[in-house]
Amino acid sequence: MFDNLSVKLDKAFKNLKGQGRITEINVATTVKEIRRALIDADVNFKVAKDLTDTIKEKALGQDVLIAVSPGQLLTKIVSEELTNLMGGKSEDINLKGDPNVILISGLQGSGKTTFSGKLARHLKAQNRNVLLVACDIYRPAAIDQLKVLGEQIEVDVYAEPENKDALKIAKNALKYAKENNKKTIIVDTAGRLAVDEQMMNEIERLKKELNPAETLFVVDSMTGQDAVNTAKTFNDRLNFDGVVLTKLDGDTRGGAALTIRKVVDKPIKFISAGEKMDALDIFHPDRMANRILG
Ligand code: GDP
């Protein structure tokens with residue numbers, strides 16, 4: 001994950017090695033390299049520019065301590081700024097509803113169904129009585145996929161394979177949840193390969209009807225700037241509460257993780273790095289920044 005970015009940042013800092021102090025010239029060169037590394041990692045140009053302008057300003061404004069080399073100083077500043085860029089601190093999902101409905105949105109293939117299973121497992125481990133609801137009515141395999149996951153993690157799955165009305169399924173699921181004392185309801189919805197009006201209308205209506213405590217947007221981190229643009233489109237329509245970044249185990253460049261928060265102004269709440277049900281982590285901006293910096 002982010003291998004290229006890490007290597008390039010490391011190289012930028014190494015060029016400062018042997019320099020006795022921070023000067024306008026050596027900072028300018030390093031900052032330029034950092035900006036190029038970020039843009040190569042598919043970070044939005046404006047975000048990369050703003051970030052590196054701040055880094056430069058901070059570096060030049062520091063009183064140089066004898067004990068800290070310019071390289072160490074720059075590394076510290078970059079770490080802090082990357083952490084800020086990704087939201088500063090981790091943010092929990094809202095589970096204060098009664099019942100707690102968690103609506104899962106995103107494009108087809110982003111990892112919604114897999115994440116729904118993982119989240120169910122995660123919340124079940126907190127002794128919550130969880131119900132998974134299959135509202136992906138266009139992809140019959142999605143219902144089976146959710147049922148298989150449900151069996152694996154021993155969580156109930158509500159599905160109506162013959163029903164093609166997602167709204168009705170969702171309403172029936174809420175009734176079932178009430179009758180069966182299920183307090184945490186995770187609703188997996190239909191995605192398309194690209195944003196389309198029918199999908200957006202459907203998820204908007206589901207949100208209105210279900211009044212979820214938490215609406216999450218799931219996105220494949222491998223898609224870089226596309227991920228950011230899709231997040232923006234979904235957020236404009238859904239005003240979601242948080243982002244789930246998937247497939248961080250792949251050859252992802254880092255752009256989505258670094259840019260989404262700034263562009264969409266919604267926190268990344270979970271990251272997933274693998275297909276297995278235990279491959280789910282709460283997102284910690286500082287840990288991610290440290291990983292990027294190696
Ligand atoms: P959906 O269409 O949004 O419901 O997406 P799925 O949950 O069906 O996931 C699409 C594919 O991505 C499946 O083959 C999943 O196993 C895979 N997948 C989901 N999350 C991850 C992840 O974090 N890492 C990897 N490598 N694969 C994932």
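Check Lys49, Lys8 and return the single one that is within 19 Å of Ala257 (Cα to Cα), in contact with a helix residue (DSSP H, G or I) (Cβ under 6 Å, 6 or more places away or on another chain) and in contact (Cβ under 8 Å) with a residue 12 or more places away in the chain.
Lys8
Quick grid of which residues meet (1) at pLDDT below 95; (2) among the hydrophobic types (A, V, I, L, M, F, W, C); (3) within 16 Å of the ligand (Cβ to nearest atom); (4) under 23 Å from Val218 (Cα atoms):
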residue	(1), (2), (3), (4)
Leu131	no, yes, no, yes
Tyr138	yes, no, yes, yes
Asp144	yes, no, yes, yes
Gly150	no, no, yes, yes
Val157	no, yes, yes, yes
Ala166	yes, yes, yes, yes
Leu174	no, yes, no, yes
Ala177	no, yes, no, no
Ile185	no, yes, no, yes
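Among the numbered conditions (1) modelled with pLDDT of 95 or more; (2) under 20 Å from the mean Cα position of the chain (by Cα); (3) part of a loop (DSSP other than H, G, I, E, B), tell me where Thr215 comes up short.
(3)
Applying the selection to segment 175-194, what residues are in a helix (DSSP H, G or I) and either on the phi > 0 side of the Ramachandran plot or surrounded by fewer than 21 Cβ atoms within 10 Å (Cβ to Cβ) (or both)?
Correct list: Lys175, Tyr176, Lys178, Glu179.
Restricting attention to segment 146-161, which residues are of a type outside the set (Val, Ile, Thr), within 20 Å of Asn172 (Cα to Cα) and more than 22 Å from the chain's Cα centre (by Cα)?
Answer for segment 146-161, where residues must be of a type outside the set (Val, Ile, Thr), within 20 Å of Asn172 (Cα to Cα) and more than 22 Å from the chain's Cα centre (by Cα): Lys147, Gly150, Asp156, Tyr158, Ala159, Glu160, Pro161.
In segment 134-159, what residues are assigned to a loop (DSSP other than H, G, I, E, B) and under 23 Å from Lys124 (Cα atoms)?
Within segment 134-159, Asp136, Glu154, Val155, Ala159 qualify.
I want to confirm something. Restricting to segment 192-226 and keeping residues that are without any contact (Cβ under 8 Å) to a residue 60 or more places away in the chain and among the hydroxyl-bearing types (Ser, Thr, Tyr), which single residue is farthest from the ligand (Cβ to nearest atom)?
Thr223
Within segment 72-82, track down each residue that is among the hydroxyl-bearing types (Ser, Thr, Tyr) and surrounded by fewer than 19 Cβ atoms within 10 Å (Cβ to Cβ).
Result: Ser79, single match.
For (1) charged (D, E, K, R); (2) surrounded by fewer than 20 Cβ atoms within 10 Å (Cβ to Cβ); (3) away from the ligand (no atom under 16 Å from the Cβ); (4) at pLDDT below 95, each residue gets a yes or a no:
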{"position": "Thr246", "(1), (2), (3), (4)": "no, no, no, no"}
{"position": "Leu258", "(1), (2), (3), (4)": "no, no, yes, yes"}
{"position": "Ile268", "(1), (2), (3), (4)": "no, no, no, no"}
{"position": "Ala279", "(1), (2), (3), (4)": "no, yes, no, no"}
{"position": "Phe283", "(1), (2), (3), (4)": "no, no, no, no"}
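Identify all residues within segment 93-121 that are more than 12 Å from the ligand (Cβ to nearest atom) and surrounded by 24 or more Cβ atoms within 10 Å (Cβ to Cβ); write none if there are none.
Result: Val101, Ile102, Leu103, Ala120.
The values are calculated or read from the model by the stated rules, or taken from the named source; none is laboratory data. Just so we're clear, the structure is a prediction, and the values are computed from it rather than from any experiment. Because the Cβ atoms are built from the backbone with ideal geometry, glycine has one as well, and the counts that use them run over all protein chains shown.
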